[in-house]
Amino acid sequence: MNIFISNISFKVREQALGELFSQYGEVTSVRIIKDKESRRSKGYGFVEMANDEEATAAINALNGTEHYERNIVVAEAKGKKETSSTQE
């Protein structure tokens, strides 16, 4: 399951986010979105987890919790992955 995380502190690195979520199960990828020019974090990112039940547990446990002095917002990612091929 792909998980969307927002309100991430600009100090947080992908490794720290991966460690936070790995408490709940296997993390397959972590991506913090960065500005193309400045390379600074935009304050949101995605964590992919192998098991949907573990991902749901992580969402329920971590949504609204404090991480690096910010209350992170955690939810299932509603993607736009499929939509790019339908535009003709």
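Rounded to the nearest 0.05, what FRET efficiency do LYS11 and THR56 have when you use their Cβ-Cβ distance and R0 = 30 Å? Intermediate results must be reported in sequence, preceding the final value.
Numbers: r = 27 Å, r/R0 = 0.92.
For R0 = 30 Å, the calculated efficiency reads 0.65.
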Kindly write out, for the stretch 27-41 in residue order, the coupling ³J(HN,Hα) from the Karplus curve 6.51 cos²θ - 1.76 cosθ + 1.60 (θ = phi - 60°), rounded to whole Hz, with x marking Gly and Pro. 9, 9, 7, 9, 9, 9, 6, 10, 5, 4, 8, 8, 6, 7, 4
FRET efficiency estimate (nearest 0.05) - Cβ-Cβ, LYS42 to SER22, R0 25 angstrom: 0.65
Give the long-range amide H neighbours of ASN51: residues separated by 5 or more places, or on another chain, with amide H under 5 Å away, using H modelled in the peptide plane at 1.01 Å from N. GLU26
Give me the dipole magnitude in Debye, nearest 20, for the chain about the Cα centre, with unit charges on the beta carbon: positive for Lys and Arg, negative for Asp and Glu. 580
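Each value in this text was obtained by applying a stated rule to the coordinates, not by laboratory testing. Here the structure is a predicted model, which is why all the values come from computation and not from measurement. Methodologically, a virtual Cβ is constructed for each residue, glycine included, from the backbone with ideal geometry; neighbour enumeration extends over all protein chains shown.
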